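**Student:** Have a look at this one before I ask anything.
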2 protein chains.
Amino acid sequence: MPYTAPIADMRFALEACADFWSLRPRYQDLDEDTLIAILEGAGSLAEETLAPLNRSGDRAGVSLKDGNVTAAPGFQEAYNAFKQGGWQGLAADPAYGGQGLPRALALAVMETVHSANMSFGLLPMLTLGAIEAIEQHGAADQKLLYLEKLISGEWSGTMNLTEPQAGSDLGVLTTKAVPQADGSYAITGQKIFITWGEHDLADNIIHLVLARIESAPAGSKGISLFIVPKFRDEDGSRNAVRCIGLEEKMGIHASPTCTMAYDGATGWLIGAENRGLAAMFTMMNAARLNVGMEGVSVAEAAYQKALSYAKERRQGGALIIDHPDVRRMLMTMKAKIQAGRAICYATAVAADSGNKRVEDLLTPIAKAWGTDVGVEVTSLGVQIHGGMGFVEEGGAAQFYRDARIAPIYEGTNGIQAIDLYGRKLLGDRGEAMGHFIDEAHKHGGVFAKPSDALKEATHYMLTASRDDALAGATAYLALAGEVIGGLLLARGVHRAHDPERKKLFDFYAATVLARAPSRLAEVKVGAGALKLGEFA
Amino acid sequence: MPYTAPIADMRFALEACADFWSLRPRYQDLDEDTLIAILEGAGSLAEETLAPLNRSGDRAGVSLKDGNVTAAPGFQEAYNAFKQGGWQGLAADPAYGGQGLPRALALAVMETVHSANMSFGLLPMLTLGAIEAIEQHGAADQKLLYLEKLISGEWSGTMNLTEPQAGSDLGVLTTKAVPQADGSYAITGQKIFITWGEHDLADNIIHLVLARIESAPAGSKGISLFIVPKFRDEDGSRNAVRCIGLEEKMGIHASPTCTMAYDGATGWLIGAENRGLAAMFTMMNAARLNVGMEGVSVAEAAYQKALSYAKERRQGGALIIDHPDVRRMLMTMKAKIQAGRAICYATAVAADSGNKRVEDLLTPIAKAWGTDVGVEVTSLGVQIHGGMGFVEEGGAAQFYRDARIAPIYEGTNGIQAIDLYGRKLLGDRGEAMGHFIDEAHKHGGVFAKPSDALKEATHYMLTASRDDALAGATAYLALAGEVIGGLLLARGVHRAHDPERKKLFDFYAATVLARAPSRLAEVKVGAGALKLGEFA
């Protein structure tokens, strides 16, 4: 089996670390048997249907001809299985065919999908974002028109933000929307880096597109969000949106990354005029958490592959897993995966609980820390494979290539760090973070120095000049992720009384938590330290 | 210009950090003008001839047909230019056409080659290993027969160690050598991962092959080294050695990685019977230092690309280099490159000085630390490019893919850590390391904690059980690299009185040296901490 859903680890992270059952009052029908059945069902789909297509999809890639994108062989059957299993709508509104289950559970399901096949996982992930945006910002008729088909997986969704001239700065986008007599808008412009922007797996593709209505104010306050279906709602005719190019990427080859041309395409405003960014943030927040999960997921896949290689591969007389350094790498992988998983799940539990400040605080940490774990762990996976790790046939290389996108898209990890500082920490003057610091402080022991470091770092971020704070924001996020990840593991160990998990926590404390004082030094480096002559 | 040789940084590392001019008594003809002329000449070749082939070579790759490997377009002309410039023999014996210059200078030249085109650089790097092995272990007639052609670059060299069943464990290799009446041996067996094992750029390929003479003792004490030319010396006829496969790799696509089949090929013993490993270590040591340099070199190329992107790319109104986090990434890249470069150059200066214990101590550090820098810095380069970093067209992705091999070949970085501990530290009971610790201790200030940490870690490594020491060996190497790299930068700053370099050193101290105490905690984690049930 190339991948086995790590149900025990997932349950530990979900139930013991992330306190999943605190949701019971909100989800009274949910019991342990249902939880297990769902995780195992998702695991089977991932193991039997999605994982076998991972390497073949990487090799086959996708192709574009006359504006039509063809997915890799086997992806249609896999998508049909995903759709028929009802997996897309796990956490969606039952009024439109969803199952109304916690997002934390849907996230755990997506973990298995991403682990098995990251390219595939992006398709339901983007659809999920579209569902949430329409659930929260759509008018009643829009919900009626789109939600059921999206939730069933018959249709898929996309997010169209980036334009060629504007990467992360949405304020300068130029795609325009011209009001039409029938209440629709004619959308014209070009969008790049559109994941699954065009493909042949779903019957329709619902594009959510940021554009500027004629005469709207300049900057980010003049941006609106539009629904642009590939096939028009009125008559099923082909809308004036086309894929005009595919990116040649380092990884996720089976996921088409499209350049989309809108040429007076029929679009429908969703939410209020000029309030598009707020609606887009709904999608982005869900997507950010999912991308963090994706980082952890590809790390899990890399770990499993490396572990099984280390237990099979002999160097002369001994198995390579008997080398302490190989064990050290495996322990590092496992410990960081488990901490990253706990952070992602805890973020989703906070969302399900309506604990918005914790959700908001943890989202950029889940995204950036989880995806950094993805890159680091998949690199260790390559290393354990030795020469076979660099050779594509070995399989470890693909995880490494695939994982590298995750720190970039849905807002680079640098942007997550700015968000953690500017929106989250400054937003509540460090209050939500303060609860984690207090909890760590109460632990004492291995948390004594880390909690002090995080406390001092938080104070620094709140009081330093904006430039100095921004110079330390990435290190601050890393420190916060390391401490909170450790806290969640400690919660789990406390609940579960499992000596194996205790051993993993102790290793995490000795190698990750121990870094806290030097992270604090990095946080405080100051903007003045970052001025070399050659930067001018 | 896609790459510009960083002559000022190279001179700083060579002259101010690595004390190049301490070699003057040994190389009396060498003066500053010659040094500059050589670096600039190499720089021009790298910039104008090699760098323009880097991306095209990545895309074209190499091909195998009927046992013949064809290099990527343009590589023949580039190799001719390299050959005609006399670059291969810079440090080689003048008796055979070499220029007898310091190896440190030859290493600096190779830096520019590796930066410009890592795939290309592997060819002269392997030839260099063959030259050194024959210079040191060859008989007089072998030197006459091979050295001149290798030093001129007319012929190239290879190292044939690995076999399919034995990665890093050479003791179990099975390629056999049967004595023939004419004093030669018939070599039969298969070797894998042979870099530039077959190609069309040189007139002959001199394979240095580890094999076992019939009736030799088992294990590593029964291994001998043989010279197996692609075309026989006697009559120029084709020898019975063939490339039977090319690896499909994540990177260095323009460098053929060959599976070589020896089918009773004519080989000549070099050095004493059953003493092949000692001779091979000569090649390996030179190659290890060169691979460390390669890591730093590809990092330099990635840095230059990221810096120029950050100075051109606008996000809305501002250049992305004006973001503190982008500056932080660039500073990290530059600081680690400069420290890694200093370590590599200092290793070569130690070799040129005949300071064997320092050379031996620094070689595994140069290899592992330099190549870890390569992976980390090229990853930051991808990150600075954002979405363009993941797209192959952007160019940053190739550096990231190419760099990933360096921590693996010529002995994985885990093996370097074992070497640092088992052969180097235990070999002199920490004496050579002690001199660096004393120097750091005398600095005080930002070196106070790092020197204490390195001292305690060294004591631990010398007194812990073998398994406990091995569990901490990788962290120990990282700590040693961080402290020694910092020391060399401090030496340079002390000599050069350059405020820009002082700023870079201060950043290094705040972000890298500050990590020393937590490295010590990692060193002391102990083998007992690395035992999970699932590892059994």
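Any read-out appearing in this document is the output of simple, stated calculations on the displayed coordinates, not a laboratory observation. In this text, all values refer to a predicted model and were calculated from it rather than measured experimentally. Glycine gets a Cβ as well: all are built from the backbone with ideal geometry, and neighbour counts include every protein chain shown.
**Student:** With the Cα gyration tensor of the stretch A:106-216 giving a ≥ b ≥ c as the square roots of its eigenvalues, does the rule (a/c under 1.5 for rounded; else a/b larger than b/c for prolate; else oblate) give rounded, prolate or oblate? All intermediate terms of the calculation are to be shown ahead of the outcome.
**Tutor:** Values: a/c = 2.19, a/b = 1.40, b/c = 1.57.
Cα axes put the stretch A:106-216 in the oblate bin.
**Student:** So, by mean Cβ neighbours within 10 angstrom, what's the order for B:425-431, A:239-245 with the highest one leading? Kindly include the intermediate steps, with their values, before the conclusion.
**Tutor:** Working: B:425-431: 15.1, A:239-245: 18.4.
For the peptides B:425-431, A:239-245, the packing ranking is A:239-245, B:425-431.
**Student:** Oh, and also: How big is the antiparallel share of DSSP beta bridges in the protein assembly as shown, given as a percent to the nearest 5? Don't jump to the answer; show the numbers that get you there.
**Tutor:** Values: 70 of 87 bridges.
The antiparallel fraction comes to roughly 80 percent.
**Student:** Here is a follow-up. Cα-Cα over 21 Å: which of A:Lys334/B:Lys334; A:Lys449/B:Lys503; B:Lys305/B:Lys336; A:Lys524/B:Lys503; A:Lys356/A:Lys449; A:Lys503/B:Lys524? It would help to have the intermediate numbers written out before the result.
**Tutor:** Details: A:Lys334/B:Lys334 31 Å; A:Lys449/B:Lys503 29 Å; B:Lys305/B:Lys336 16 Å; A:Lys524/B:Lys503 15 Å; A:Lys356/A:Lys449 28 Å; A:Lys503/B:Lys524 15 Å.
Listed pairs above 21 Å: A:Lys334/B:Lys334; A:Lys449/B:Lys503; A:Lys356/A:Lys449.
**Student:** Taking 0.36 nm per residue of sequence separation and subtracting the Cα-Cα distance, how much length would be gained by fully extending the chain between A:Ser465 and A:Leu144, in nm to one decimal? Each step should come with its number before you reach the end.
**Tutor:** Values: separation 321, 0.36 × 321 = 115.56 nm, distance 4.85 nm.
Contour length minus the Cα-Cα distance gives 110.7 nm.
**Student:** If you average the sequence gap of Cα pairs under 8 Å that are 6 or more apart and divide by the length of chain B, what percent do you get for the contact order? Please report the intermediate quantities before stating the final value.
**Tutor:** Details: 1037 pairs, mean separation 77.3, N = 536.
Relative CO of chain B lands at 14 percent.
**Student:** Can you compute the helix-only [θ] at 222 nm over chain A? Use -39500 (n - 2.57) per DSSP H run of at least 4 residues, normalise by all residues, nearest 500 deg cm²/dmol. Mind showing how you got there, number by number?
**Tutor:** Working: 18 runs with 270 residues, N = 536.
Rounded to the nearest 500, the figure is -16500 deg cm²/dmol.
**Student:** From largest to smallest, what semi-axes in whole angstrom does the protein assembly as shown give when each is the square root of 5 times an eigenvalue of its alpha carbon gyration tensor?
**Tutor:** Numbers: eigenvalues 491, 200, 167 Å².
Output for the protein assembly as shown: semi-axes of 50, 32, 29 Å.
**Student:** Is the stretch B:374-444 best put as rounded, prolate or oblate by its Cα gyration tensor, with a ≥ b ≥ c the root eigenvalues, rounded for a/c under 1.5, and otherwise prolate when a/b is larger than b/c, oblate when not? Present the calculation step by step, with values, prior to reporting the outcome.
**Tutor:** Working: a/c = 6.29, a/b = 2.08, b/c = 3.02.
It is oblate, given that a/c is not under 1.5 and a/b is not larger than b/c.
**Student:** If you don't mind, there's one more thing I want to ask. Over the Cα atoms of the stretch A:290-343, what Rg and Dmax result, in angstrom?
**Tutor:** Every Cα atom of the stretch A:290-343 included, Rg and Dmax give 12.7, 43 Å.
**Student:** State, to one decimal in nm², a quarter of the convex hull surface area for the C-alpha atoms of the stretch B:282-417, i.e. the direction-averaged projected area. Could you put the intermediate results ahead of the total?
**Tutor:** Numbers: hull surface 33.3 nm².
Taking a quarter of the hull surface, the average projection is 8.3 nm².
**Student:** Okay, moving on. Between chains B and A there is a rotation axis; tell me the chain B residue with the nearest beta carbon and how many whole Å away it sits.
**Tutor:** Per the Cβ-to-axis criterion, the result reads B:Ser518, 3.
**Student:** Compute the label zone of A:Arg314 within the stretch B:200-217: residues whose backbone N is under 20 Å from the point 7 Å along Cα-to-Cβ.
**Tutor:** Those under the cut-off are B:212, B:217.
**Student:** Return the lysines within reach of B:Lys176: Cα separation strictly under 17 angstrom, same-chain partners fewer than 8 residues apart disregarded; answer none if there are no such residues.
**Tutor:** Answer for B:Lys176, where 17 Å is the Cα cut-off: B:Lys191, B:Lys221, listed by chain and number.
**Student:** Here is a further query. Using a label position 7 Å from Cα in the Cα→Cβ direction, what is the ascending list of nm distances from A:Asp498 to the same site in the other copies?
**Tutor:** Once sorted, the set of distances for A:Asp498 reads 5.4 nm.
**Student:** Shifting gears a bit: Could you bin all the Cα-Cα distances of the stretch B:7-152 into 5 Å bins starting at 0 and give me the percent of pairs in each, rounded to whole numbers?
**Tutor:** The calculated distribution, bin by bin, is 2, 9, 18, 19, 18, 16, 10, 5, 2, 1, 0.
**Student:** While we're on this one: Using Cβ counts within 10 Å as a stand-in for footprinting exposure, how do A:Ile7, B:Ile415 rank, fewest first? Intermediate values should be presented prior to the final figure.
**Tutor:** Numbers: A:Ile7 15, B:Ile415 21.
Lowest count first: A:Ile7, B:Ile415.
**Student:** Can you give the three extents of the C-alpha atoms in the stretch A:10-92 along their principal axes, from longest to shortest, in whole Å?
**Tutor:** Result, largest extent first: 52, 23, 19 Å.
**Student:** Can you tell me which aspartates and glutamates have their Cα less than 16 Å from the Cα of B:Lys455? Leave out same-chain residues fewer than eight positions away.
**Tutor:** B:Lys455 reaches B:Asp428, B:Glu431, B:Asp438, B:Glu439, B:Glu482, B:Glu522.
**Student:** Further question on the same structure: Label position 7 Å from Cα toward Cβ: report the copy-to-copy distances for A:His459 in nm, one decimal, ordered from shortest.
**Tutor:** 3.3
**Student:** I'd like to compare B:468-480, B:13-25: which one has the highest average count of other Cβ atoms within 10 Å, and what's the full order after that? If you can, show how the numbers build up before the last one.
**Tutor:** On the way: B:468-480: 25.0, B:13-25: 20.2.
Result, highest mean Cβ count within 10 Å first: B:468-480, B:13-25.
**Student:** Evaluate peptide B:511-520: per residue, the Cβ atoms of other protein chains within 10 Å of its Cβ; return the mean as an integer. Don't skip to the answer; put the middle values down first.
**Tutor:** Working: counts 7, 3, 2, 9, 7, 1, 5, 11, 4, 1.
So the per-residue partner count for this stretch is 5.
**Student:** To the nearest whole number, what is the average tally of beta carbon atoms from other chains within 10 Å of the beta carbons of peptide A:525-533? Intermediate values should be presented prior to the final figure.
**Tutor:** Working: counts 8, 3, 3, 1, 10, 12, 5, 11, 3.
Going residue by residue through A:525-533 and averaging, the value is 6.
**Student:** Now for a different question. What is the pair-distance distribution P(r) of chain B, computed from all Cα-Cα distances in 20 Å bins starting at 0, with each bin given as a whole percent?
**Tutor:** 22, 56, 21, 1
**Student:** Highest mean first, what order results for A:252-263, B:403-414 on Cβ atoms within 10 Å?
**Tutor:** Working: A:252-263: 23.5, B:403-414: 26.5.
Top of the packing list down: B:403-414, A:252-263.
**Student:** For peptide A:325-336, what's the mean number of Cβ atoms from other chains within 10 Å of each residue's Cβ? Write out the running numbers ahead of the final one.
**Tutor:** Details: counts 13, 4, 8, 13, 3, 4, 7, 3, 0, 3, 1, 0.
The per-residue average across the peptide is 5.
**Student:** How large is log10 of I(q)/I(0) for the stretch A:155-274 at q = 0.20 Å⁻¹ when the intensity is taken from the Debye formula with one equal scatterer per alpha-carbon?
**Tutor:** Log10 I(q)/I(0), no solvent term: -1.08.
**Student:** For the stretch B:156-274, what's the relative contact order in percent, using C-alpha pairs closer than 8 Å and at least 6 residues apart?
**Tutor:** 32
**Student:** Ok, one more. Run the label-point distances for B:Lys531 please: 7 Å along Cα to Cβ, every other copy, nanometres, shortest first.
**Tutor:** Once sorted, the set of distances for B:Lys531 reads 5.6 nm.
**Student:** Classify the stretch B:206-283 from the C-alpha gyration tensor, please: rounded if a/c falls under 1.5, else prolate or oblate depending on whether a/b exceeds b/c.
**Tutor:** Details: a/c = 2.05, a/b = 1.33, b/c = 1.54.
Oblate is the answer for the stretch B:206-283, as a/c is 1.5 or above yet b/c matches or exceeds a/b.
**Student:** Please report the relative contact order for the stretch A:7-148, taking Cα pairs under 8 Å with a sequence separation of at least 6, and give it as a percent rounded to a whole number.
**Tutor:** On the way: 114 pairs, mean separation 32.9, N = 142.
Contact order relative to length: 23 percent.
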